[in-house]
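Below you'll find the structure, written out as C-alpha cells, and then a few comments.
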Amino acid sequence: MRANSQHSRQKAAYLSEHTLSGFLKTRRKFSAALRCLLYSAHRRVAPLGNAGPFVSFSFDDFPRTAYTVGGSILRSFGVRGTYYVAMGLMNTSNALGDQFHMEDLCLAAKDGHELASHTFGHTSSHGIPLSRFLEDVRKGRRAITETGSFPATANFAYPRGEVTLSAKQAVGREMLSCRGIYGGFNGPLVDLNLLRANSLYGDIDRLNTVERLLRENQSRKSWLIFYTHDVRFNPSPYGCTPEFLESVVHLAVKGGAKVLPVAEVLTYGST
Ligand SMILES: [Zn+2]
C-alpha cells in the first residue's frame with residue numbers, strides 16, 4: 001500500500017515536472033516565432049552605410065539617476081545619450097526610484113542629450129485597442145514639445161518593449177524610428193520600425209557578455225544600442241550600477257565606436 005502511494009507521488013511529480021517543462025518549451029518556441037514574425041513584417045529598412053561601428057546608450061522612462069548618475073558618466077567621456085521620456089511619469093516614484101523632474105529634462109537637453117518619446121502614460125501596446133495606444137504615443141510626444149523648452153525627436157521606444165504587429169505598422173508610419181528590447185545588432189540594413197536594443201542590467205559581473213557584444217559590433221561595423229533605467233549602487237532589476245555603466249562606456253569609446261544618440265546615428269553623414 002505504502003509502495004503504491006509512493007509510486008503515485010513519484011508519478012505525479014514526474015508528470016507535473018514534464019508538463020511544466022513542456023509548457024515552458026512551447027512558450028519559448030512561441031516567443032521565438034513571434035519575434036521572427038515581428039522582425040519580418042512591416043519592415044522599413046534603411047542601410048546603415050559604412051561609417052560604423054556606432055554605439056548608443058539609452059535610458060527609458062526615466063528615473064532621476066539615469067540623468068544625475070548616468071548622464072554624468074556619459075559627460076565624463078564626452079559623449080551623449082538618448083532619453084526615452086514618458087511625460088506622465090514626471091515627479092512620480094516607483095521601483096526604479098524617483099522619476100525625472102522638469103529640471104532633469106532641462107539639464108539633459110542642455111547637455112545635448114536626445115529627448116525621445118515613450119508614450120505619455122508608459123502604456124503597453126498589448127491588451128488595448130490600437131487607437132488608444134496611438135493616442136498615448138502622440139500625447140507623449142506632444143507633451144515633451146508642449147513644455148516649450150525643447151523639441152522631442154521623432155524617435156520612440158515601446159514601453160516594456162511590448163509591440164504588436166499592428167502597432168509596429170501604425171507607429172512606424174509616424175516616427176523616424178521605433179526601438180524595442182529584442183537584442184542584437186542593427187545593420188547593415190536597419191529596420192527603423194523595430195530597432196534592436198540590448199539591456200544593460202545588473203553589475204560589473206556582466207561586463208564580459210557586453211564586451212563580446214562590443215567586439216562583434218566592431219567587426220561587423222554595425223550599430224549597438226543599449227538601454228537601461230536607474231543607475232545606482234543598488235539598482236532595480238531593470239537598472240545597473242554606475243561602475244557597470246562606466247566600464248561599458250569606457251570600452252565603447254576605447255574600441256573606437258562612434259558613441260552617439262539614436263537621432264544622430266540616423267542622420268549621420270547627411271548634414
Ligand atoms: Zn519604459
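Quick rundown of the values:
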read-out: The range 84-91 - phi-based ³J(HN,Hα) in whole Hz, Karplus 6.51/-1.76/1.60, Gly and Pro as x; value: 8, 9, 10, 4, x, 8, 4, 6
read-out: Residue list for the range 115-129, given a label point 7 angstrom along the Cα-to-Cβ vector of S166 and an amide N cut-off under 18 Å; value: 123-129
read-out: The range 118-224 - Rg (one decimal) and Dmax (whole number), Cα, Å; value: 15.7, 43
read-out: The range 64-75 - phi-based ³J(HN,Hα) in whole Hz, Karplus 6.51/-1.76/1.60, Gly and Pro as x; value: 3, 5, 4, 8, 4, 9, x, x, 6, 5, 4, 4
read-out: The chain, Rg to Rh (Cα coordinates; Rh as Kirkwood inverse mean 1/r); value: 1.05
read-out: Centroid-to-centroid separation of the range 228-271 and the range 68-97 [C-alpha atoms, Å]; value: 11 Å
read-out: Over the range 47-163: Rg over Rh, Cα atoms, Kirkwood Rh; value: 0.98
read-out: Partner lysines for K221 [C-alpha distance under 16 Å; skip if fewer than 8 residues away on the same chain]; value: K254, K258
read-out: Distance in nm between pseudo-label sites at L107 and H250 (7 Å out along the Cβ direction from Cα); value: 2.4 nm
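Any read-out appearing in this document is the output of simple, stated calculations on the displayed coordinates, not a laboratory observation. All values reported here derive from a predicted model rather than from experimental measurement. Ideal geometry is used to build each Cβ from the backbone, glycine not excepted, and the neighbour counts take in all protein chains shown.
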